[in-house]
Amino acid sequence: MKEVRYGVIGVGGMGRGHINMFKEVKGLKFTAIADQVQENIDKVLEDHPDVKVFKSAEDLVGSGECDAILIATPHYFHPELAILGLENGLHVLVEKPVAVTTKAAAQMNEVAAKHPDLIFSAMFQMRTNPKWAKIKQIIDAGMLGEIRRIHWTATKWYRPQAYYASGGWRATWKGEGGGVLLNQCPHNIDLLYWLMGSPSTVSAHLSLGKHHDIEVEDEVVATLTYPNGAVGVFIASTSELPGTDYTEIVGDKGKITTSSEPNDQFIWEDFGKSIRTLTYEAKEAWPKIDTVKSVVTAGGDAKHTHIHQNFVNAILHGEELFAPATEGIYSVEIANAMIMAGIQGKTVDLPLDQDAYEDLLTKLITESDAKKNS
Ligand SMILES: NC(=O)c1ccc[n+]([C@@H]2O[C@H](COP(=O)([O-])OP(=O)(O)OC[C@H]3O[C@@H](n4cnc5c(N)ncnc54)[C@H](O)[C@@H]3O)[C@@H](O)[C@H]2O)c1
């Protein structure tokens, strides 16, 4: 194969956003789209009059026009469409979140495991910011020592009411399965997982429609504990303007802080020694440390095109994926756990009880339907 024939399923805002980037991706040949909304199809045809149009994903997948599909529909459809693509021998790139529930992601992963020859990637473009790759390298190399605490404020996701009104599926249990945790924060939660692994417990204060006329969460304050005893705080909101994008990772031997301004830098404080050792060996009451503080400029930024190029390169040349879609289950699980913990007012253990979460979501959808019909 010299080029990858690409089909896009779902050509709404993001699907068309991706299509506009395709000219920057080497080895990608845009051949087909599937959507039911004629207005969205027409917008694609304005610039791509030769693209093949299908009214269903099944028709596109069975057409023989594509080697790979990009799934950019509302989230609930992601696993079923990924399974459709994989079972029909197509490489799949799925938008975030990879699924709404951990159970649906697990079912998708089971199918993916049967097709190891197919490339299965997720649109977690924030992983392509060299800053996060460098931070991960530092943590994995043990340069911060054992991680003790992470703090993440992800409130740069402001959305007005008009945004929520822009699509009937948005901000509903039935159409989206959650709010800020399912739509905006999958990127941050994916990085949280990527850097820290899965937590062992999650507690959360979840505000449903606190600042907007919506039924799902628009503000979250969650606390996490990790298997090694580390603790975490994760704060998310779509109601703060200007918001904050701030991360602090504290280890036994060093600390990293970073924010989105500037988005290519972080501050690394090397304590020069283990604080745990110091705590037990210091003879004086207020020991000092010689911290070396550096501002690290990693350069570059996150780009969707990096994920597309990586996906195409993986298909054509076997390049390693930045974001294997099978890893997407972990950010879904953390989001599910935060919602469950917040709604039930109790600490949730991970691995998540997938059936219990399905029951909770079904209950939320049923209650929402009943309210609308009353
Ligand atoms: N990676 C990112 O930075 C990023 C940014 C925005 C949105 N997204 C993700 O992209 C997805 C789509 O979001 P959006 O804002 O473009 O939504 P949207 O409502 O603008 O577009 C969704 C499109 O999917 C179509 N669709 C729905 N079901 C379909 C089906 N079964 N088959 C074919 N087409 C179908 C709709 O008709 C619509 O045109 C979401 O999952 C969202 O989380 C990712």
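The values are calculated or read from the model by the stated rules, or taken from the named source; none is laboratory data. These figures come from a predicted structure and were not determined experimentally. Neighbour counts run over all protein chains shown; Cβ positions are idealised from the backbone, glycine included.
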Selection from segment 323-374 of residues that are modelled with pLDDT of 95 or more, over 22 Å from the mean Cα position of the chain (by Cα) and among the hydroxyl-bearing types (Ser, Thr, Tyr): THR347, THR362, THR366, SER368
Segment 50-69 - residue that is near the ligand (Cβ under 10 Å from one of its atoms) and of a type in the set (A, V, I, L, M, F, W, C) and, of those, nearest to MET123 (Cα to Cα): ALA57
Selection count where residues are within 16 Å of the ligand (Cβ to nearest atom) and part of a helix (DSSP H, G or I), scope segment 105-123: 2
Within segment 191-200, considering residues that are in a loop (DSSP other than H, G, I, E, B) and out of contact with any Gly (no Cβ under 7 Å at 6 or more places or on another chain), the one surrounded by the most Cβ atoms within 10 Å (Cβ to Cβ): SER198
Test result for MET126, surrounded by 20 or more Cβ atoms within 10 Å (Cβ to Cβ) and outside any strand (DSSP E or B): yes
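Table: residues versus (1) more than 16 Å from the ligand (Cβ to nearest atom); (2) over 18 Å from the mean Cα position of the chain (by Cα); (3) in a helix (DSSP H, G or I); (4) modelled with pLDDT under 95.
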{"site": "LYS136", "(1), (2), (3), (4)": "yes, no, yes, no"}
{"site": "ARG148", "(1), (2), (3), (4)": "yes, yes, no, no"}
{"site": "ALA162", "(1), (2), (3), (4)": "no, yes, yes, no"}
{"site": "GLY178", "(1), (2), (3), (4)": "no, no, no, no"}
{"site": "LEU181", "(1), (2), (3), (4)": "no, no, no, no"}
{"site": "GLN184", "(1), (2), (3), (4)": "no, no, no, no"}
{"site": "ILE189", "(1), (2), (3), (4)": "no, no, yes, no"}
Tabulated pairs, segment 34-47, first within 21 Å of LEU84 (Cα to Cα), second near the ligand (Cβ under 8 Å from one of its atoms) and not in a helix (DSSP H, G or I), C-beta under 7 angstrom, 6+ apart or interchain: ALA34/ILE9; ALA34/SER56; ASP35/GLY10; ASP35/VAL11
Wholly enclosed strands (runs of 3 or more DSSP E) of segment 232-309 bearing at least 1 residues crowded, with 19+ Cβ neighbours inside 10 Å and hydrophobic (A, V, I, L, M, F, W, C): 245-251, 254-259, 265-270
Members of segment 201-227 found to be of a type in the set (Asp, Glu) and surrounded by fewer than 23 Cβ atoms within 10 Å (Cβ to Cβ), listed by number: ASP213, GLU215, GLU219
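Let's see how each residue does on (1) aromatic (Phe, Trp, Tyr); (2) within 30 Å of LYS103 (Cβ to Cβ):
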{"residue": "LEU278", "(1), (2)": "no, no"}
{"residue": "TRP286", "(1), (2)": "yes, no"}
{"residue": "ASP290", "(1), (2)": "no, no"}
{"residue": "LYS293", "(1), (2)": "no, no"}
{"residue": "HIS304", "(1), (2)": "no, yes"}
{"residue": "GLU333", "(1), (2)": "no, yes"}
{"residue": "THR347", "(1), (2)": "no, yes"}
{"residue": "ASP353", "(1), (2)": "no, yes"}
Filter result (of a type outside the set (S, T, N, Q) and touching a residue at least 40 places away in the same chain (Cβ under 8 Å)) within segment 260-270: ASP264, PHE266, TRP268, ASP270
Close pairs from segment 5-33: first under 20 Å from GLY62 (Cβ atoms), partner within 7 Å of the ligand (Cβ to nearest atom) and in a strand (DSSP E or B), Cβ under 6 Å, at least 6 apart: ILE9/ALA34
Residue within segment 341-348 that is without any contact (Cβ under 8 Å) to a residue 40 or more places away in the chain, assigned by TED's automatic domain parsing to the domain that holds TRP268 and within 27 Å of VAL221 (Cα to Cα) present: yes
Filter result for the condition that a residue is over 22 Å from GLU176 (Cα atoms), touching a residue at least 24 places away in the same chain (Cβ under 8 Å) and in a loop (DSSP other than H, G, I, E, B), over GLY89, GLY64: GLY89
Qualifying residues in segment 33-49 (those that are within 14 Å of the ligand (Cβ to nearest atom) and part of a helix (DSSP H, G or I)) - the one farthest from PRO74 (Cα to Cα): LEU45
Qualifying residue in segment 71-89 (condition: closer than 15 Å to THR305 by Cβ, in contact with a His (Cβ under 7 Å, 6 or more places away or on another chain), near the ligand (Cβ under 10 Å from one of its atoms) and not assigned by TED's automatic domain parsing to the domain that holds GLY179): yes
Residues of segment 50-61 that turn out to be in a helix (DSSP H, G or I) and more than 21 Å from PHE22 (Cα to Cα), as a count: 2
Qualifying residues in segment 17-32 (those that are in contact with an Asp or Glu (Cβ under 9 Å, 6 or more places away or on another chain) and within 13 Å of the ligand (Cβ to nearest atom)) - the one farthest from ASN183 (Cα to Cα): ALA32
